[in-house]
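Accompanying notes for the structure given below.
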């Protein structure tokens, strides 16, 4: 009898992270935080942002704003999921462009 | 930073009467003028600056909360106030919900750090659902003051 089962893809959950620097003079205020969260929510991967010992949900603006990340602050973005590489690249680019 | 560092007690409004975005911003700036924190002559300029900032993207950050704000050279330190709209105001919020709770901030142009720390405090406290709920249910300025004081004393943040 012929099997109707589809082959199971070897789904590998990606787990990537990168350090970024807050470059814009005003820091991660409401507008950049909004842009970050909107970008993060375009991806299915879970996103976390760490400042020092504090790690918050990168898809929640209330959480991002609690970081009070000023210019010069180093943050680590952590993406876990199938599109983690794409998410990390898009989020990192926001920092590199100073949220312009 | 604590609420008591930037919220002007006598500019708190427990029952905002305005029912649209511009009017509610105007009402809160008026409260700051009446409390003597903002000069009457700067009123219109500040309202316009806050509305211009809203046009760049709503400060309605979800959970029925908005943080309309601007930088303005007329203030020497960060000043802010809190207002409750029991019916809610359409604020083009990020989550599409009406806004009941408003924190309005005016900061000196050269102090981006203070503005960030005020946003930090507001967002940190509002992550607590009970605090958010109690604040929206407040019926008087005294109730609001008491909740802010309790939050400052870490009664809500776990």
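Numerical summary
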item	result
Test: residue in segment B:28-41 that is in contact (Cβ under 8 Å) with a residue 60 or more places away in the chain and under 18 Å from residue B:99 (Cβ atoms)	yes
When residues of segment B:78-96 are limited to those that are within 14 Å of chain A (Cβ to nearest Cβ) and within 16 Å of residue B:57 (Cβ to Cβ), the one surrounded by the most Cβ atoms within 10 Å (Cβ to Cβ)	B:91
Qualifying residue in segment B:38-45 (condition: in contact with a strand residue (DSSP E or B) (Cβ under 6 Å, 6 or more places away or on another chain) and either surrounded by 18 or more Cβ atoms within 10 Å (Cβ to Cβ) or in a strand (DSSP E or B) (or both))	no
Cβ pairs under 9 Å, 6+ apart, first in segment B:125-137 and within 10 Å of another protein chain (Cβ to nearest Cβ) and more than 23 Å from residue A:68 (Cα to Cα), second surrounded by 16 or more Cβ atoms within 10 Å (Cβ to Cβ) and at pLDDT below 90	none
Qualifying residues in segment A:61-93 (those that are within 11 Å of the chain's Cα centre (by Cα) and within 14 Å of another protein chain (Cβ to nearest Cβ)) - the one nearest to residue B:126 (Cα to Cα)	A:64
Residue B:100 being farther than 22 Å from residue B:46 by Cβ, modelled with pLDDT of 95 or more and within 14 Å of the chain's Cα centre (by Cα)	yes
Complete set of residues in segment B:138-158 that are within 14 Å of chain A (Cβ to nearest Cβ) and assigned to a helix (DSSP H, G or I)	B:151
Selected residue (only one of B:87, B:114, B:110 is assigned to a helix (DSSP H, G or I) and over 21 Å from residue A:37 (Cα atoms))	B:114
Members of segment B:46-79 found to be touching a strand residue (DSSP E or B) at 6+ places or on another chain (Cβ under 6 Å) and assigned to a loop (DSSP other than H, G, I, E, B), listed by number	B:59, B:64, B:67, B:68, B:72, B:75, B:78
Test: residue in segment A:30-49 that is modelled with pLDDT under 95 and part of a loop (DSSP other than H, G, I, E, B)	no
Evaluation of residue B:128 against (1) surrounded by 19 or more Cβ atoms within 10 Å (Cβ to Cβ); (2) over 12 Å from residue B:69 (Cβ atoms); (3) out of contact with any helix residue (DSSP H, G or I) (no Cβ under 6 Å at 6 or more places or on another chain) (one fails), failing number	(1)
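The values are calculated or read from the model by the stated rules, or taken from the named source; none is laboratory data. In this text, all values refer to a predicted model and were calculated from it rather than measured experimentally. Glycine gets a Cβ as well: all are built from the backbone with ideal geometry, and neighbour counts include every protein chain shown.
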